[in-house]
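Peer 1: The following block contains the structure, expressed as structure tokens.
The values are calculated or read from the model by the stated rules, or taken from the named source; none is laboratory data. Computed from a predicted model, the values in this text were never measured in an experiment. Here the Cβ is made from the backbone with ideal geometry for all residues, glycine too, and neighbour counts use every protein chain on show. The accessibility values were calculated without ligands, DNA or RNA, using every heavy atom of the protein model including side chains. Shrake-Rupley method; radii C 1.70, N 1.55, O 1.52, S 1.80 Å.
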Amino acid sequence: MTRSGVGADNARWVRRLGEASDGDFAVAITDAVDGWQHTSLRVAHLEAGGAIEHDTGDEELVVVPLSGSVTIEVPGSDPIRLDGRASVFDGPSDTAYLPRRRTVTVRASGGPARVALCGARATMDREPRRIAADEAAPEARGAGNASREVRAFGLPPVLDADAILVCEVITPAGNWSSWPPHKHDEDRPGVESELEEIYYFETRSTDARGTDPVGYQRVYGTGERPIDVLAEVRTGDVVLVPHGWHGPAMAAPDADLYYLNVMAGPGTERAWLITDDPAHAWVRETWT
């Protein structure tokens, strides 16, 4: 791993909760961030019955309830009801796909809700649709203390979209995920995709005493394309990965770690293809 100054680029690529708010959105990552081009993330906290209105513009969206239930009103289509969940740690949720150029309303139904609007620039449209939670069964990846649960509701073949790729990962307390470190910043057909990536984090204490739940995220680059991020993360924090090796995402021994990934890039093929850091790629061979 590059050690030129661990965390030297945190100020550019890390957003703590409250540092990237915009109007009704507690988190708003858009192309207003210098060097960010293809993806967006907006997180809203809604009171019971409360709503937000959003114009999708040139983006397609995947709507992910983080807690609570929501109903999405889409012009020209039937409302989409998402049953949601109590929290991201209480299992997968149903989600929704929304196309470009629609002004949509997302309304909390049945109580307060928190909802993520994941976006990517698109050139083609699909019809709005609800993605049931059981369409993407959670899968166990890794092994030992590198085991984690992946929910791939926004990846092929579950979701047919133009550009956006979305998934979420649960890393149990004390485990590592995004491991071995990998990258996807070059367009090499069949080998690696060029994708920028958003990591949105939530944490949950597993200590009955209520220890402050934290996790950590590492991003590092090469001599030709340096980047140096080492961030302590809590609920609502975001790490941006424009390029470079990323991993591990580390859960503290007394806290479960969740992250929502949003990816897209300039390529014509919608695929998540990665290259492992050669220094750590061997670890995959140890998994059964």
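Peer 1: Can you tally the net charge around Ala26? Count Lys and Arg as +1, Asp and Glu as -1, for every other residue whose Cβ sits under 15 Å from the Cβ of Ala26.
Peer 2: With Lys, Arg at +1 and Asp, Glu at -1, the neighbours total -1.
Peer 1: Rounded to a whole number, what is D in µm²/s for segment 43-148 from Stokes-Einstein with the Kirkwood radius over alpha-carbon pairs (10 °C, 1.306 mPa s)?
Peer 2: Estimated via Stokes-Einstein, D reaches 110 µm²/s.
Peer 1: If you don't mind, there's one more thing I want to ask. Enter the Cα centre distance for the pair segment 137-157 and segment 67-81, rounded to the nearest angstrom.
Peer 2: Centre-to-centre distance over Cα atoms comes out at 27 Å.
Peer 1: At 1.4 Å probe size, with every protein chain present, just tell me what the per residue accessible area of segment 143-288 comes to in Å².
Peer 2: 38
Peer 1: Right, next: Give me the distance in nm between label points sitting 7 Å out from Cα along the Cα-to-Cβ direction at Ala281 and Thr105, one decimal.
Peer 2: Going from the Ala281 label point to the Thr105 one covers 5.3 nm.
Peer 1: Here's a follow-up. Relative to 2.2 N^0.38 Å, what does the C-alpha radius of gyration of segment 169-288 come to as a ratio? Two decimals please.
Peer 2: Dividing the Cα Rg of segment 169-288 by 2.2 N^0.38 Å gives 1.11.
Peer 1: Less than 9 Å Cβ to Cβ from Glu194, Lys/Arg counted +1 and Asp/Glu -1: what total charge do the surrounding residues give?
Peer 2: Neighbourhood net charge equals -4.
Peer 1: List, largest first, the extents of the alpha carbons of the chain along their principal axes, each in whole Å.
Peer 2: Here the spans come out as 52, 49, 38 Å, largest first.
Peer 1: Using the Cα centre of the chain as the reference point, and only Cβ charges (+1 on K/R, -1 on D/E), how large is the resulting charge dipole? Debye, rounded to the nearest 20.
Peer 2: In total the dipole reaches around 380 debye.
Peer 1: Which distance in nm do the two modelled labels at Arg234 and Asp125 give, with both placed 7 Å along the Cα-to-Cβ direction?
Peer 2: Here the answer is 4.3 nm between the modelled labels.
Peer 1: Find the centroid of the Cα atoms in segment 211-288 and in segment 90-116, then give the distance between the two in whole Å.
Peer 2: Taking the Cα centre of segment 90-116 as reference, the centre of segment 211-288 is 26 Å away.
Peer 1: Treat each spin label as a single point 7 Å out from the Cα along the C-beta direction, and report the Ala32 to Glu269 distance in nm.
Peer 2: So the two model labels end up 3.6 nm from each other.
Peer 1: Most fluctuating residue of Gly76, Gly236, Gly265 in a GNM of the chain with Cα springs under 10 Å: which is it?
Peer 2: Judging by the Gaussian network model, the answer is Gly76.
Peer 1: Okay, next question. Could you point to the residue in Ile80, Val63, Gly111 farthest towards the positive end of the chain's charge dipole, with +1 and -1 charges on the Cβ of Lys/Arg and Asp/Glu respectively?
Peer 2: Gly111
Peer 1: Still on this structure, please answer the following. Hey, got the Cα dimensions of segment 199-239 along the principal axes, in Å, largest first?
Peer 2: Sorted largest first, the three principal extents are 46, 15, 9 Å.
Peer 1: Follow-up question, since we're still on this one. Net charge around Pro65, counting only other residues with Cβ within less than 10 Å of its Cβ (Lys, Arg = +1; Asp, Glu = -1)?
Peer 2: 0
Peer 1: Another question, if that's okay. Hey, in the GNM for the chain with a 10 angstrom Cα cutoff, which one of Pro181, Pro156, Pro172 fluctuates hardest?
Peer 2: For the chain, modelled as a Gaussian network with Cα springs under 10 Å, the answer is Pro156.
Peer 1: So, one more: Can you bin segment 113-207 into rounded, prolate or oblate? Criterion: square roots of the alpha carbon gyration tensor eigenvalues sorted a ≥ b ≥ c, rounded for a/c under 1.5, prolate for a/b above b/c, oblate for the rest.
Peer 2: Judged from the Cα gyration tensor, segment 113-207 comes out oblate (a/c at least 1.5, b/c at or above a/b).
Peer 1: So, one more: For segment 185-230, what is the charge dipole size about the Cα centre, in debye to the nearest 20, if Lys and Arg each add +1 at the Cβ and Asp and Glu each add -1 at the Cβ?
Peer 2: In total the dipole reaches around 380 debye.
Peer 1: Please report how far the C-alpha centroid of segment 185-210 lies from that of segment 32-64, rounded to the nearest whole angstrom.
Peer 2: 18
Peer 1: Could I ask something else about it? Which percent of the accessible area of segment 137-255 is formed by carbon and sulfur heavy atoms (probe 1.4 angstrom)?
Peer 2: It is 53 percent, rounded to a whole number.
Peer 1: Scaled to the compact-protein estimate 2.2 N^0.38 Å, what is the alpha-carbon radius of gyration of segment 113-167, rounded to two decimal places?
Peer 2: 1.34
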